Structures are given as structure tokens and as C-alpha cells.
Amino acid sequence: MDRIRIRGGHRLSGEIPISGAKNAALKLMAASLLSAEPLTLANVPRLADVRAMSELLMSFGVGIQMTLSPQLGEGDTMRLEAKEITSVFASYDMVRKMRASFQVLAPLLARQGQAKVSLPGGCAIGARPVELHLSALTQMGAQVELADGYVIATAPNGLTGAEIVFPFVSVGATETAMMAATLAKGTTRIVNAAREPEITDLGNCLIAMGAEIWGLGSSEITVQGVEKLHGAAYRVMPDRIEAGTYAIAAAIAGGEVELLGASHETIASLLALLTRSGAVVSDTPRGLKIAMNGSRPRPSDVTTAPYPGFPTDLQAQIMALMTVADGTSVIREKIFENRFMHVPELARMGADVRIDGDTATVRGVARLKGAPVMATDLRASVSLVLAGLAAEGETMVGRVYHLDRGFDRLEEKLSRAGADISRVPE
């Protein structure tokens with residue numbers, strides 16, 4: 001198993017290209033099940049999760065052709081053709097690799113009238129229940145039962161439009177309802193829908209396939225069902241979490257970095273925080289530029305919230321920055337109940353963080369110290385890399401398979417910008 005080695009103290013300079021969004025690409029891949037015609041996706045990131053979703057889709061009979069891009073950050077091209085779905089069974093061995101696999105349930109049910117999909121099981125960052133997904137499908141006329149760890153859903157006469165009011169915002173449940181509604185009879189209103197840019201990206205791809213959808217980006221989405229969807233070509237949006245991570249990298253290591261393809265709007269809450277912390281943020285014709293003059297960042301409090309609030313997927317990374325701030329910061333995690341597992345590893349590097357329930361009090365230190373640390377989940381793992389950029393000496397991050405799930409060739413991108421970072425065998 002590989003490890004990532006970082007020797008800290010090197011300022012960043014240059015360009016970092018932002019890859020296609022993992023959280024969009026996986027759902028767009030699942031959407032290919034809704035049509036018998038090919039869906040061609042451009043700007044697909046090269047990630048372990050993309051490979052896992054490809055394997056799952058191929059088990060249903062989806063033909064997949066990949067064209068690899070020679071250019072870092074440009075993204076690969078994937079052609080998916082679900083001409084004939086030969087299976088509607090998603091095994092536990094497949095779904096346990098990543099929770100996004102559960103998103104195949106709605107398109108299989110909508111097109112085939114049946115699906116048997118494993119429950120996702122445990123998650124390192126806490127429970128992420130699927131009740132809202134199943135409730136939405138039930139309201140659209142599906143018969144749903146749970147047996148031996150599987151969801152067995154049937155709709156032999158097809159799904160019907162419904163008014164679905166979510167009691168709280170859920171990205172995955174919004175995506176489930178939206179995909180199911182595209183082929184349902186009649187109109188579906190999704191109230192208290194999630195507003196994340198990845199949902200807009202999925203909606204725009206479905207529209208390109210012939211779906212009729214209104215209200216993307218708002219808390220109420222309306223879908224008028226159509227008889228069938230057709231093929232399309234669509235480009236995956238840039239990854240706002242990757243862009244935010246590299247913006248924080250520039251702030252913690254110092255220097256000046258241009259993030260190619262990054263969108264100010266999608267990470268506005270983070271950029272406002274970085275500005276308060278002393279970074280200079282500017283839009284460029286190709287993306288965003290982040291500059292930090294080398295002084296310690298100013299402390300800043302943050303609370304995670306659904307979009308357009310501060311993303312939970314950037315909480316671990318911003319904590320890494322606040323560990324070297326000149327003062328005390330308070331970070332509140334309001335989305336997931338177990339997302340501070342990176343704290344003990346940051347403490348090994350000299351960070352001063354105290355946890356009290358969903359709140360972390362971070363007292364900044366003048367300098368972190370390099371140490372061997374262990375990744376616990378995807379976003380926590382990259383927070384340790386960021387800490388390593390600012391630490392004295394060498395930091396060795398283990399279990400980097402977490403990183404490979406969500407960051408496309410991270411060490412190559414950072415090293416091109418001046419970081420002393422490399423992948424080494426264990």
C-alpha cells in the first residue's frame with residue numbers, strides 16, 4: 001500500500017488544474033441507466049470511485065468505453081451505453097465500496113420497474129440514512145421492502161408524479177427523486193430540495209437527455225415525466241471541493257496559485273473565509289487566484305451547512321489551516337456527527353484542538369511538526385496532506401487509498417506547484 005510523503009516549508013507557485021467533480025460524475029454515470037441510447041461524458045476525473053461505479057454499471061450490462069486524456073486536469077471521456085439492462089441487482093460487495101452506488105436504485109426502478117440494491121452499510125463519518133430516498137420512491141408508487149440488507153423495489157406499472165416534501169435537505173434523496181421523476185407519469189414537485197451545484201449539473205445532463213426539469217438551484221424542483229430519454233453528450237462540472245482544497249493549500253503553504261477551471265460562485269463561502277483569514281482572492285479569465293503573503297492566517301469561526309453554506313467536505317481542510325492561525329477558531333460540524341476523526345492525527349503533528357460534541361475549538365500554533373499519520377476518510381486524509389505542507393520536517397500519510405477515491409493525481413498537481421510531495425511504497 002502506498003503512502004504520501006510531504007516535506008513541509010515550500011511555498012506554492014504556479015497553476016493547478018481542477019478536475020471534474022467526483023460528486024457530479026458518479027451521479028451522471030448512474031443517469032446513463034435511464035436511456036437505451038449512449039451518454040458521453042467529458043471531463044471525467046480519474047478516481048477509484050469512478051472505476052468502482054464503472055464496474056457496477058457494467059454488471060447491469062452497460063457498455064463503457066474510456067478515452068484517457070494525456071493532459072493533467074483535462075479529464076477523461078467516457079461513453080456509457082445501457083442499450084439493454086441485463087441485471088437489476090447491485091450486490092453488497094459492489095455498493096459497500098462507496099455510498100454513491102446506491103444512486104443506481106432510482107434509474108433502475110424508473111426504467112425497468114424493479115431493482116434490488118444493497119443498503120450502503122456503515123460509513124466512517126457517521127450515519128447517512130436512506131429513508132428519504134425510499135420515502136420519495138414510495139410516494140411515487142413504488143413498492144419497497146427491506147430484506148437481508150437489501151432494498152427490493154418494484155413498480156410494474158411505472159412510477160407516478162407526486163409532491164415530495166423533504167423534512168430536511170438531502171443531496172442524495174433529491175437526486176433520487178429527480179432521476180425517478182424523469183420517467184414517471186405526470187408531474188413531480190420536490191420541496192426542500194438540495195441546492196448543491198452537483199444537483200444542477202445532474203439536472204442539466206438529464207435535460208440534455210430530454211428530461212423536462214425546472215427550478216434547478218432552488219429549493220423547489222419540478223419534473224414533468226417523459227416517455228423516454230435519449231442519448232447526449234455532457235461535460236462534468238469542475239470539482240468545487242478539489243478547488244477549495246487547493247485554495248486552502250495555497251493559504252496554508254503560502255505563495256500564489258491559479259486554480260484553472262475553479263468557479264468563485266461554487267465555493268463563495270470558503271473564499272469569504274479565506275479572505276477574512278488574510279488570503280487575497282481574485283477571479284481570473286481561467287479560474288481563481290489565491291495568494292498568501294507568508295504571515296500566519298487570522299483565526300476564523302465556521303459552521304458547516306447545506307449549500308450555499310460552508311461545505312462539510314471542506315471542514316477537515318479548513319481545520320488544518322486554523323491549526324496554524326494566529327489565535328483561536330471555533331468549527332461546528334452540523335452535517336455529520338462523526339467527522340472529527342482527523343483531529344487525533346493533527347494532534348500528532350502538534351495541533352491544539354479540543355472537541356466538545358459537534359464543536360472543535362482550535363488554538364493555532366506557530367508551527368506544526370511533521371509526523372507519521374493515518375488517513376481515516378477521504379476529506380480527513382487530504383487535511384493531513386495540507387498540514388504537512390505547513391509542517392517542519394517530513395510527514396508521512398498512510399492509507400492513501402482514501403485520497404485516490406476523490407483526488408485526481410493530487411501529488412502530481414501539488415508537486416508541479418512547488419510542493420515537496422511524492423508517493424512512496426510502504
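Read-outs throughout are calculated quantities, based only on the coordinates presented, and are distinct from any laboratory measurement. Computed from a prediction, not measured in an experiment: that's the story for all the values here. Neighbour counts run over all protein chains shown; Cβ positions are idealised from the backbone, glycine included.
See the values below:
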quantity	calculated
Selected from VAL130, VAL50, VAL324 as most flexible by GNM, with the chain as the system and alpha-carbon contacts under 10 Å	VAL130
Distant-in-sequence amide H partners of VAL165 (H built 1.01 Å from N, under 5 Å)	VAL191
Per residue, the convex hull volume that the Cα atoms of the stretch 1-110 enclose (Å³)	124
Rounded Å value of the spacing that divides the Cα centres of the stretch 24-61 and the stretch 311-387	33
For the chain, calculated [θ]222 nm from helices alone, where every DSSP H run of n ≥ 4 adds -39500 (n - 2.57)	-8500 deg cm²/dmol
Charge context of HIS342, other residues only, Cβ under 10 angstrom, K/R +1, D/E -1	0
Additional length obtainable on full extension of the chain from ARG332 to GLU15, 0.36 nm per residue less Cα span	110.9 nm
Loop-resident sites, the stretch 326-366, for GluC sites (Glu not before Pro), counting at most 13 other Cβ within 10 Å (DSSP)	GLU337
Neighbourhood charge, 10 Å Cβ-Cβ cut-off, centred on ILE199 and excluding it, Lys, Arg +1 and Asp, Glu -1	-2
Per-residue Cβ neighbour rank within 10 angstrom, fewest leading, THR77, THR86	THR86, THR77
Long pairs among LYS97/LYS228; LYS27/LYS369; LYS97/LYS334; LYS228/LYS334; LYS97/LYS185, criterion Cα-Cα beyond 29 Å	LYS97/LYS228; LYS27/LYS369; LYS228/LYS334; LYS97/LYS185
On Cα atoms only, tilt of 240-253 relative to the major axis of the chain in degrees	0
At most 13 other Cβ within 10 Å, DSSP loop - GluC sites (Glu not before Pro), the stretch 193-285	GLU227
Estimated vicinal HN-Hα couplings, Hz - the stretch 324-336 in sequence order (Karplus 6.51, -1.76, 1.60; Gly, Pro = x)	10, 6, 8, x, 10, 10, 10, 10, 10, 9, 10, 9, 10
Hits among aspartates and glutamates - C-alpha to C-alpha of LYS83 under 12 Å, sequence gap 8 or more where chains match	GLU37
Cβ-based exposure ranking for PHE336, PHE168, in which fewest neighbours within 10 Å come first	PHE168, PHE336
Volume per residue of the C-alpha convex hull in the stretch 22-235, rounded to whole Å³	107
Globularity index of the chain, i.e. its alpha-carbon radius of gyration over 2.2 N^0.38 Å	0.98
